[in-house]
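The values are calculated or read from the model by the stated rules, or taken from the named source; none is laboratory data. Note that the structure is predicted; figures quoted are calculated from it, not measured. Cβ sites come from the backbone with ideal geometry, for glycine too, and all protein chains shown count toward neighbours. Heads up: the accessible areas ignore ligands, DNA and RNA and are worked out on the full protein's heavy atoms, side chains in. Shrake-Rupley method; radii C 1.70, N 1.55, O 1.52, S 1.80 Å.
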Amino acid sequence: QVLCVFRISISSPRYRGLTKTMKRSAGDADFNIGGRLKPTLGAPHCRPTPERKSTYVTKGKVLVICEVEEERDPVLAVKELTEALDKRRGCLLSSSYEYPGRYTEWTVGFVDPPLAIESWGLRFRIKALNARGKLFLPIIAKAIGQADHLLVANNSETEVNGSVKETDEFFPEEERSRKPTIFSLVRVLRELFSSDEDSHLGLYGAFGYDLAFQFENIKLHKERDPEQRDVVLYVPDSILVINHHAKQAWRMQYDFAFGDATGVSATKGVAREEVPSMINCRTEMPKGMSKREYPEGEFAKMVDKAKEKFACGDLFEAVISQTFKEPCSSPPSVIFNRLQERNPSPYGFLMNLGENECLVGASPEMFVRVESNPRGLRCETCPISGTIKRGRDALEDAENIRKILTDPKEESEITMCTDVDRNDKSRICQHGSVQVIGRRQIEMYSRLIHTVDHVEGYLRPEFDALDAFLCHMWAVTVSGAPKTWAMQFLEEIEVSQRRWYGASVGHIAFDGHLNTGLTLRTVRVKDGVAEVRAGATLLFDSVPESEEKETELKASACLNAVTSAQPISKPPAVNGNGVAKECYAGKHVLLVDFEDSFVHTLANYIRQTGATVTTVRHSSLEVALKTLKTPIDLAVLSPGPGCPKDFDVSSKIKLFLERKVRIFGVCLGLQSIVEHFGGTLGQLTYPMHGKPVKVEVVPGSPSLIFEGLPPVFGAARYHSLYATKLPDCLAATALTVLSTEHEENKRSGQVVMGIQHKTLPIAAVQFHPESILTSPDHGLQMLRNAFKLTAV
C-alpha cells in the first residue's frame, strides 16, 4: 500500500468550490501521484458513491436534491435514449474518440427535460415542457426582471417571453463578451443555478451561427428564416452519465425546490412526463428542392472570388461552405448510430430540438473547453486546418500524412488559424499563459486526416467560461481571417444562412466549466429533409476544383449515414495482403533465400498472385531441384547481405538457365545477374539501407517488369553495391531520379534500378518491391509481370 499525503492551499474565492470538488473526488482516481489534478479531457467525473443523495442550495437560493443510481446496463440505456430522441425532446452528447491529453470517451444524455430556452435574435422564450417545468418559471421570471439588460414581455403558466435591451454603452474589446446579448440571459440562468457541488447539471444544447452578429457589426445581405432559432438549450432533471474509461455508468435524478415570500414549490412528487416531439421522415425530396446548393463548378467560381480578396490583402483566408440535401427516410437515432460506428469523433451528438428539427453530428473539432485546476480556469481549443483523404491502408495513410505535413499551403492554413485563436485568447487570458501545446498533430477519422494545433490559456480573474466561449465566436477554422472581414465576405458570397453550421453544441455547466464542439459533420433534419453543410479553407494558392471536391468529401460520410445502411466502400487495402488482379493459380515459384530478412514477405507477395511458392536456402538448391516434382514456372533470386560471390549465385543462375526457367532477381539478385553475364559492381559512397528513392522507367527500354506502373514511382532501397557497368546483353530499364539520390552518391550519376535481358526471360530490380516504402500496388504488379517474361 502507498499512502500519498498532499495539501493544496487556495485562497482565491474562485477555488473554494474546486477544493470541495477535490475532496469529493480524491478517491475517484482524479489525481496523479503528488496530488496534481489531471484534466478530465471533457469526460464526467467518476461516479459518486452508489445510492448517494446530495442536497445543496444554489447561488439563486434554489434547493437541489440529487439522487444517484447505478446504471447496470449502459448499452441498453443508450439504445433506449437514442430511440426516445426520435420522438421526444432531449439531448445526447457522446465522445467516441480518444487522443492522449485531449479527448477520451464519455456519454451524457437525457430525454424529457422540464425546461427549454430558445431565442430569435434578441428575443427569447423560456418554455416549460411539462408540469415540472412550470415550477421553474416564477423564480426565473423574477431573476430576469432583476437583470439590468433584460426585459420580460409577458408571462404565462407555461412560458416566459422577453428580449434583450439594446444599449449604446461602450465596451472595450477586452470586455465585449459582457455586451448585452442573448448571453445575458444565459448568465442569469447560470447564476441562478450556480453551485460548485455538481459538474453535470447545466444548460445543454445548440448555438446558431447568427449569434456572432450580436457582437460583430456585420451588414446582413441574405434573407433570414424568421422561424430559425439561434439558441435551443435544455435544463434536464434526469441525466444518464457514462465514463467509458472508468467503466462506470450512473443516472442522476434531480428535484428542485423554489421559495419566495408566498411559499415554497417543489418538483418532488410531480410526475416526470414525456415531452413529445416527433421527427418526421420522408422518402422523396419536396417538389422544387435541389439536392445541391450550387451546380457543379459553381463553388469553384466562388473560390476564384475569394482569391481576389486574398490578392489585394482584404483577407488572408476564408472558409466558404455549401449545403447538400437528401430525403431523410431513416429516424435520427439510426443516423446517429451509423455515424458513431463509421466516424468516431470527440463531439458526437443527437439533439431533438422540437419544432420537427433535429441535429445529428460527429464533429471532430473542439470549440472551447474550460475547466478549473489549481492554476485557474484553463481555456483550451484545438483548431483543425489541413485536410487530406484517408488511404486504403496504413501505408497510404503514412504517405498522405507526409504529403500534408510537407505541404506549405496546409501549413499556412493552420498557422493563420492558430495565430487568430491565440489572439482570441489573449483578449481575456493572463499574459504569458497562452501557449501552443500541440503543433500540427495528426488526428485520423474515418475518411479524413486532419492536422490539429492545441492551444491553451488561463483566464484572468475577472473573466469566466462564458467569456472564453464568446471571445472565440466563431472559430477562425469555420470563418477566416481577419475574422470580421471574413464573416462579412461569407455573408455576401454564400447564398443561404448557415443556421447551426460553424457554430457550437455542448454543455454550459452550472459549476462554471464548459465543454463545446464546433457544429461540423452535422446532419440537420428539418421536416423530413436532411441537410449537410461542409466548407473548405481557402488561401491564395487554393485550387478551386480541389476545394470544391473537399467540401463533397467532407459531406460524404454524413450523407452516406442518411442514405445508406452500408458505409461508403473503400478500395481494398493492399498492404501486402491484397487480391491480385491476375490469377496465376497453378504456377509454381521457387524462391531462393540468400539468408535475407525479407524473404518471407516477398513470398507472401508472390502468393497473392495465386502462385504456389517453395522457398529454399541457397545451400539446398541443387537438392531441391532434384526433389521437387512440380515444374518451376519462375525462379526468384532473393535479396541478401554481402555480395554475389559469397553465395556463388552464378552457379545457381546456371542451374535455372539449363532448365530454361524464367528468372526474376531482387537487389542481390540483380547484382548477381549483372556479374554472371560479365558486368561489374561498385560500392556506393553512402549505403542506402531502408532509404526511399524515386525510380524512373527508362523510355524505350524493354521494361516488361514495369508495365502498368507510372513512369516515376517510389521504392525502398537496401543496398551498398550497385551495377557500374552492364554487359551488352542486359538493358537498363529503370534508374534513380538523381534529385532524390543522396548527396554523396550523386557523383556516381543515376544508379541502375532495373534490368532486363535482351533475349532471355530474365529481369531484376535493385530495390525491394515488398518493402513498406514501395507501394504494395506497385510491388504486386511487378511480381505479376515477372510471369510474363519470355525468351526472344
Hey, what's the chain come to in accessible area per residue, 1.4 Å probe, Å²?
-> 42 Å²
Assuming R0 = 51 Å, can you tell me the calculated FRET efficiency for the pair E98 and Q750, based on Cβ-Cβ distance, to the nearest 0.05?
-> 0.60
Extend 7 Å from the Cα of D527 along its Cα-to-C-beta direction; within region 308-333, residues with backbone N under 17 Å of that point are 324-329
Return the distance in nm (one decimal) between the two label points of a simple spin-label model at R607 and R72, each offset 7 Å from Cα along Cα→Cβ.
-> 4.9 nm
Label selected from (1) 13, 35, 32, 17, 3, 0; (2) 15, 38, 26, 17, 4, 0; (3) 14, 32, 38, 17, 0, the criterion being P(r) over Cα pairs in 20 Å bins from 0, in percent as computed here | (2)
Please give the solvent-accessible surface of T484 in Å², to the nearest 10, using a probe radius of 1.4 Å with every protein chain present.
-> 50 Å²
PRE zone check, label point 7 Å out along Cα-to-Cβ of E545, amide N under 13 Å, scope region 300-322, hits 300-301
Given H placed on each backbone N at 1.01 Å, which residues far from D230 in sequence or on other chains put an amide H within less than 5 Å of it?
-> S119, W120, G121
Could you give the dipole magnitude of region 171-218 about its Cα centre, charging the beta-carbon of Lys and Arg +1 and that of Asp and Glu -1, in debye to the nearest 20?
-> 200 debye
Using a Förster distance of 22 angstrom, determine the FRET efficiency expected from the C-beta separation of S290 and I568, and round it to 0.05.
-> 0.50
Rounded to a whole %, the carbon-and-sulfur portion of the accessible area of the chain at a 1.4 Å probe is 51 percent
What number comes out for the charge environment of A791, summing +1 per Lys or Arg and -1 per Asp or Glu over other residues with Cβ under 10 Å away?
-> +2
Each label sits 7 Å from Cα toward the beta-carbon; between R392 and L220 the label points are separated, in nm, by 5.0 nm
³J(HN,Hα) computed for each position of region 121-129 - Karplus, 6.51 cos²θ - 1.76 cosθ + 1.60, integer Hz, glycine/proline x = x, 9, 9, 9, 9, 10, 10, 6, 8
Accessible area, 1.4 Å probe, largest first: how do K287, K587 sort?
-> K287, K587
Region 174-214 versus region 607-666: alpha-carbon centroid distance in Å | 75 Å
Can you give the accessible area of R190, probe radius 1.4 Å, in Å² rounded to 10?
-> 20 Å²
With the dipole of the chain worked out from charges on the C-beta (+1 for Lys and Arg, -1 for Asp and Glu) around the Cα centre, which of L315, L721, L129 lies farthest toward the positive end?
-> L721
Candidate lysines - alpha carbon under 27 Å from K587, same-chain residues fewer than 8 apart omitted = K626, K629, K652, K654, K660, K758, K788
Stretchable slack from T262 to A311, in nm (0.36 nm times residue separation minus alpha-carbon distance) | 10.9 nm
Would you please classify the overall shape of region 414-517 from the alpha carbon gyration tensor, given that a ≥ b ≥ c denote the square roots of the eigenvalues, rounded means a/c under 1.5, and beyond that prolate means a/b larger than b/c while oblate covers the rest?
-> rounded
Within region 620-648, which residues have the backbone N less than 18 Å from the label spot 7 Å out from K654 along Cα→beta-carbon, could you tell me?
-> 620-626, 644-648
By how many nm would the segment from Q441 to E169 grow when fully extended, if each residue of separation counts as 0.36 nm and the alpha-carbon distance is taken off?
-> 93.6 nm
Quickly rank 612-618, 163-169, 591-597 as a protection proxy: mean count of other C-beta atoms within 10 Å, highest first.
-> 591-597, 612-618, 163-169
Most to least packed among 753-760, 289-296 [average Cβ atoms within 10 Å] = 753-760, 289-296
Residue-normalised 222 nm signal for the chain, counting each DSSP H run of n ≥ 4 as -39,500 (n - 2.57), nearest 500 deg cm²/dmol, is -7000 deg cm²/dmol
Counting Lys and Arg as +1 and Asp and Glu as -1 over every other residue whose Cβ sits under 12 Å from the Cβ of A206, the net charge comes to 0
If the cut-off is 23 Å between C-alpha atoms, which lysines fall inside it for K746, apart from same-chain ones fewer than 8 positions away?
-> K691, K694, K725
List the lysines whose alpha-carbon lies under 21 Å from that of K219, not counting same-chain residues fewer than 8 positions away?
-> K165, K179, K305, K309, K483
Cut-off under 5 Å, modelled amide H: who pairs with C667 long-range | V765, Q766, F767
So between R125 and E743, what do we pick up on full extension, going 0.36 nm a residue minus the alpha carbon distance?
-> 215.4 nm
Ordering of 384-391, 514-521, 242-249 by packing [mean C-beta count within 10 Å, highest first] = 514-521, 384-391, 242-249
Karplus-derived 3J(HN,Hα) from phi for region 526-543 (6.51 cos²θ - 1.76 cosθ + 1.60, θ = phi - 60°), whole Hz, x at Gly and Pro, runs 9, 6, x, 10, 9, 10, 10, 10, 9, x, 10, 7, 10, 10, 4, 8, 5, 9
Hey, with R₀ at 51 Å, roughly what FRET efficiency would I493 and A246 work out to, going by the Cβ-Cβ distance, to 0.05?
-> 0.60
E462 paired with H600, simple spin-label distance in nm, labels 7 Å along Cα-to-beta-carbon = 7.0 nm
Inter-part distance where region 749-780 and region 461-515 are each reduced to a Cα centre, Å = 54 Å
Can you put W485, W120 in order of accessible area, largest first, using a 1.4 Å probe?
-> W485, W120
Which listed residue (N400, L151, A362) has the Cα farthest towards the positive end of the charge dipole for the chain, taking +1 on Lys and Arg C-beta and -1 on Asp and Glu C-beta about the Cα centre?
-> N400
